[in-house]
Structures are given as structure tokens and as C-alpha cells.
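The values are calculated or read from the model by the stated rules, or taken from the named source; none is laboratory data. The model shown is predicted, which means the values in this text are computed figures rather than measured ones. Using ideal geometry, Cβ is built from the backbone for each residue, glycine included, and neighbour counts are taken over all protein chains shown.
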Amino acid sequence: MIQHQLERYARLLLDEQCVKNGRIAICGQNDSIDCYGAKDLSQLAEQILYRLGSAAVIVAAPLHPFPFFLIQHSAPDCLTLVPEDSESKSSLHDIPIIRSIPDQKELLNAICAALQRRKGCIVEGIGMVSQGSLTIEQAYIIWSSLVHATSVMYLANLLKFGPVLADEVVALRRYKYSLKPLLPENQPPYCTPPLPHRDIQNEMCHIGQITVRMGLVDSFFGNISWTGEDVMYISQTSARLDELASQIDPVPFDGSTTNGLTASSELPAHRAVVTTTGCRAILHGHPKFSVVMSFFCEPGEHAGIDIVDTLPVVRGEGGVGGLAESLSKAFRLTASNAVIVQGHGVFAISKNSFHETLITLAKVEQHCREQYFLRLNKKFQI
């Protein structure tokens, strides 16, 4: 069974185009240690696993060399990278970096020391390493989060300062032309309201799966809700968007039940937006170019609402951190059906269907991607 799980998570990372084919290894242990993947990386992962006593360890080379560029850009005495996006800040805090160490024993010691302090690290010349203390999925989530954090950090730094290494331009062009359009010409039909209770749940699960498949979230996190009558159906906190079955809470608006206790931490923001706009569907994701471009916004015509081109951008933390107020204000004043939260992601709304929120989310990310490469070319001729 554990071997099947190792293969599953390796396949997920390959399907997400996160890792180089053939340069991934995952080791996990239950009664014994099992490994899957490249032999040299498996040996390293097994040594780390044995030393730390973790449930699982992933050692893999990223598909694009952004983490290695970040190391080379950093000062020689720099020991960590600090993520710029809010999701990575909260989940990773900082990312230890380990520069090239020829001696294998010293390298192992350095990696284990880093993983005793943090959940993952970057190892120059090898890749990124993550661990799961209890499950294989934890190691997968951290590794995927490392990709998101380093991609956002590198792309933002590149737009600020331009390339400084000889091979950056080639790598970036390769990355740019590997990106596929987010919106195929033929869109499948989706349900529209009114929806029976069971169909609401099924539709949320379906849209969640597509959102993950399209790469519009980091790992598989984000949240989704549907409001009908006096009840909001919303994904639970930390729920996988691609596995929402049994992870959707019906939360009455009058607070007559305790269902909201397990709901997404963004529940206050969803409620405020529904109250302000009258929308029924909300989809929130963390697409990387939208997050990157949110750091390059300009003042808009309304106080507290900036813009990226024409897209509204606000600030605010989830939960009780003020996001509910800033989001609802932006939707009300701009009449937009999407708002970017700086360093966090995009909230898309619709009064009609989840199909519209998904298309809106994809359009925002596609637009931000185009804006990114236009600005990069204008500044640095890349």
C-alpha cells in the first residue's frame, strides 16, 4: 500500500509539471522503509528519513531552475530565503538554502539540520527536499508549496532587477513557451442555479478538481462556496480542492449551528462579499502570475484599492484580518467580478454559476501572465 502511495504522489508532481522527469525520489516508512524513484536521490531520501524518523521524505529536482537562481542571486552568507506571498509565509515561514557541499556526510548533516528547523529546504545542485512528519501527503504539500514560493519569489525579483546570470534568459524563455493557454476554445457546459443540495456539492467538487488541474492554486489549496436561500455551502479549512467530497460545510447565515467551526478560514470574507454583491458562487485560488503582479500594482481611483492594469487589488489578511472589509469594498466600488488580494490570490464571483467564476479566475491569471511578460520585455528586452 505504501509503495502505491509513493508512486501516486510522484505522479502528481510530474503531472503538475513541478519536477524533472526521472529526477524525483520519495521514501516513506511504516513497518519498513520503502522508496520510489531515482536511485541516487532515493539513497539520500532514505538516509534523511532514517536520521529524522519522518513518515516520508521527497528529494527532487524542480522542472525549472528558479530555486537555484535564487541561491545564486543571494549573498554568500545568506542562509534562508523569505517568501513574499502570504500563503508561503504562513506555511513555510522561511526556506533554508544549502549550497554545494562535496562531502556526502556533511551534506546529509546540513540537510537534516535544516529539516529539523523547517519543513523543506533547497539544496544547490540537487533540488528541493521536504518531509512529512506523519504522512506522505504532508511531504507532497510542502514540496509543492516550495515550488510555488520560489516561483513567485524568482519571477517577482526578475521583474524588479532583471537577469544577472548568463543562463537565466534561456531558462525563462523555455519556461514562457512551455506555458499553455488557460482557456481552451471549447469550454464544457456547467450547471447553473437553482441547484438541489446534492448537485451543489457535486458541482463544487467538480469545479474544485478543474481548478487544481488548471494550476490555479498552489498545491491544491483555495476555497469555494455557494449561497442559496439562507445557507452557504463552503469548503472546509485545509480541504483539498480536488477532493472536496465530505469536506463541504452547510453554514446558516443566522449562525444557528456550529457548522462554521470547520469551514474555511475565509468564511468571513465569503459572507461579506455575498452580503455586498448578492453573488451566489465564489471561487478563490492562488494563481502564481496574479500573485506576482499584485506586487506591481499602482494606485487606483478609490482609496485602498490599487490596480494591475484594470484589475482591482486590495490588502488584508484572511480570517479576522480585515480581508472581509477590503474585499467587499472593492467588489462594491469597482463592480468587478474578480479582485486580487496582494500576495495572496484571486477571488472570483458570479450570481449565476461556478462556470463563470472558473472562467473569470482563468482570465485574470491569463491577463496577469501576459502583463508580466509584456513588462519584462519592455524593461529588459526578454
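Data overview
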item: Residue satisfying all of: in the stretch 308-326; among the hydrophobic types (A, V, I, L, M, F, W, C) and in contact (Cβ under 8 Å) with a residue 40 or more places away in the chain; surrounded by the fewest Cβ atoms within 10 Å (Cβ to Cβ) among these; result: Val320
item: Of all residues in the stretch 225-255 being under 15 Å from the mean Cα position of the chain (by Cα) and among the aliphatic types (A, V, I, L, M), the one that is farthest from Met204 (Cα to Cα); result: Ala239
item: Positions within the stretch 140-164 being in contact (Cβ under 8 Å) with a residue 24 or more places away in the chain and over 14 Å from the mean Cα position of the chain (by Cα), in sequence order; result: Tyr154, Leu155, Ala156, Asn157, Leu158, Leu159, Gly162, Pro163, Val164
item: Whichever residue in the stretch 260-307 is within 29 Å of Leu158 (Cβ to Cβ) and acidic (Asp, Glu) and, among such residues, is surrounded by the fewest Cβ atoms within 10 Å (Cβ to Cβ); result: Glu298
item: Selection count, the stretch 108-133, where residues are surrounded by 16 or more Cβ atoms within 10 Å (Cβ to Cβ) and either assigned to a strand (DSSP E or B) or over 29 Å from the mean Cα position of the chain (by Cα) (or both); result: 10
item: Any chance Ser90 is modelled with pLDDT under 95, surrounded by fewer than 23 Cβ atoms within 10 Å (Cβ to Cβ) and in a helix (DSSP H, G or I); result: yes
item: Residue list for the stretch 97-107, filter: within 30 Å of the chain's Cα centre (by Cα) and either loosely packed, with under 11 Cβ neighbours inside 10 Å or within 15 Å of Val59 (Cα to Cα) (or both); result: Ile97, Ile98, Ser100, Leu107
item: Cross-chain or 6+ apart pairs with Cβ under 6 Å, the stretch 345-360 first and more than 21 Å from Val308 (Cα to Cα), then assigned to a loop (DSSP other than H, G, I, E, B) and among the charged types (D, E, K, R); result: Lys351/Arg280
item: Residue among Glu137, Glu87 that alone is among the acidic types (Asp, Glu), touching a Ser or Thr at 6+ places or on another chain (Cβ under 8 Å) and touching a residue at least 40 places away in the same chain (Cβ under 8 Å); result: Glu87
item: All positions within the stretch 278-314 that are hydrophobic (A, V, I, L, M, F, W, C), farther than 28 Å from Thr227 by Cβ and over 23 Å from the mean Cα position of the chain (by Cα); result: Ala303
item: Evaluation of Lys105 against (1) modelled with pLDDT under 95; (2) assigned by TED's automatic domain parsing to the domain that holds Gln43; (3) basic (Lys, Arg) (one fails), failing number; result: (1)
item: Within the stretch 115-167, considering residues that are in the same structural domain as Ser86 (by TED's automatic domain parsing) and on the phi > 0 side of the Ramachandran plot, the one modelled with the highest pLDDT; result: Gly127
item: Of the criteria (1) in contact with a His (Cβ under 7 Å, 6 or more places away or on another chain); (2) surrounded by fewer than 16 Cβ atoms within 10 Å (Cβ to Cβ), which one Ala335 fails; result: (1)
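Every residue, every condition in (1) of a type in the set (Gly, Ala, Ser); (2) surrounded by fewer than 17 Cβ atoms within 10 Å (Cβ to Cβ); (3) touching a helix residue (DSSP H, G or I) at 6+ places or on another chain (Cβ under 6 Å); (4) not in a strand (DSSP E or B), yes or no:
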{"residue": "Ser328", "(1), (2), (3), (4)": "yes, no, yes, yes"}
{"residue": "Phe331", "(1), (2), (3), (4)": "no, no, yes, yes"}
{"residue": "Ile340", "(1), (2), (3), (4)": "no, no, yes, no"}
{"residue": "Val346", "(1), (2), (3), (4)": "no, no, yes, no"}
{"residue": "Thr357", "(1), (2), (3), (4)": "no, no, no, yes"}
{"residue": "Glu365", "(1), (2), (3), (4)": "no, no, yes, yes"}
{"residue": "Cys368", "(1), (2), (3), (4)": "no, no, yes, yes"}
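Condition check ((1) closer than 30 Å to Gln3 by Cβ; (2) of a type in the set (S, T, N, Q)) across all residues:
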| position | (1), (2) |
| --- | --- |
| Phe69 | no, no |
| Pro83 | no, no |
| Glu87 | no, no |
| Ser91 | yes, yes |
| Cys112 | yes, no |
| Glu124 | no, no |
